[in-house]
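These notes are about the structure you will find just below.
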Amino acid sequence: MKTNWTRALRTSIERNITMDNLLPDRLPKYVHSYVYLFGVLTLASFVWLIVTGTVLAFFGPEWWHVSPVGHFFNSMHFWSVQAFFFFMVLHLWAQFLMAAWRGGRHFTWISGWLLFLISIVGGLTGYLSQTNFDAQWVGVQGKDAMNSVGVGGFFNLLNFGQMYGLHIFIIPFALMALISGHLFLVRKHGVVEPLPWDGKGDDAR
Amino acid sequence: MGQGGLRPPLQAGSSWQFAWLNLSVADMVVVGLMLVVFALALIMRWPGEHS
């Protein structure tokens, strides 16, 4: 049978993506630990960031600076990002300490790092999108850092339109795409098991 | 500083400095809180679990 891209894609999906893995109704007993909750808490914070950020983007800076409801949504966006990074760092500690890249999970680990690094750029562009004196100060100070590493020519912290566009469109969609991939890999390979206590490594089981 | 002094609007307050590391009080509070939450997550037993 002659191969074509559609058939190859269907075969690959059927082989690599099983619904038993994507939507499991049973999880291993070892996930009964609060350490395994940091990832989903990060995800919940991200969902709340998108919800509050969408409201802020819809009504705009004049609304979030002067309206009481705007202040409220601005604050929720601020505290969501505090929770987002708080739980993401805890998730990183937990996964690092249990060597979560074991058992073919290296791309899960790498995608997590990419998410962390892109989130930092999201945080920076968010500071620059506040349209207040803090944003001006961060922009003027930070542009020298960008110039010193050679990216100031195309990543201009003083260009509000560029920073705002990155913050509300490109970075959120990049994060959503990467989170989808990250979650898919978690489902595909399963949640990593805790390290064995006998010091003999994975081979002990 | 002249002209009334150009001051950053972001005021982190007092900070602890060690070599390249510069942590404000707020930084240290957040890091401390993260360590506490992480330790609690390791120690606390899952509801319904028995040893």
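Worth a mention:
- Two-site FRET efficiency, B:Leu21 against A:Asp20, from Cβ-Cβ distance with R₀ of 51 Å, rounded to 0.05: 0.60
- Site pair A:Ser12 and A:Asp144 shows an inter-label distance of 4.8 nm when each label is modelled 7 Å from Cα along Cα→Cβ.
- Summed over all non-identical Cα pairs, the Kirkwood treatment of the protein assembly as shown gives a radius of 21.6 Å.
- Within chain A, longest stretch clear of exposed chymotrypsin sites (Phe, Trp or Tyr not before Pro) (DSSP loop, no more than 15 other Cβ within 10 Å): A:1-153
- A:Leu195 long-range amide H proximity, modeled H, under 5 Å: none
- Cα pair distances of the range A:74-205 binned at 5 Å [whole percent]: 2, 9, 15, 18, 15, 13, 10, 7, 5, 3, 2, 0
- Distance between the C-alpha centres of the range A:33-72 and the range A:124-160: 22 Å, rounded to the whole angstrom.
- Crossing angle, helix A:68-97 versus chain A [Cα axis fit, 0-90 degrees, rounded to tens]: 40 degrees
Readers should treat all values here as calculations from the given coordinates under stated rules, not as data from a laboratory. These numbers were taken from a predicted model, which means no experiment stands behind them. Cβ atoms come from the backbone with ideal geometry, glycine included; neighbour counts cover every protein chain shown.
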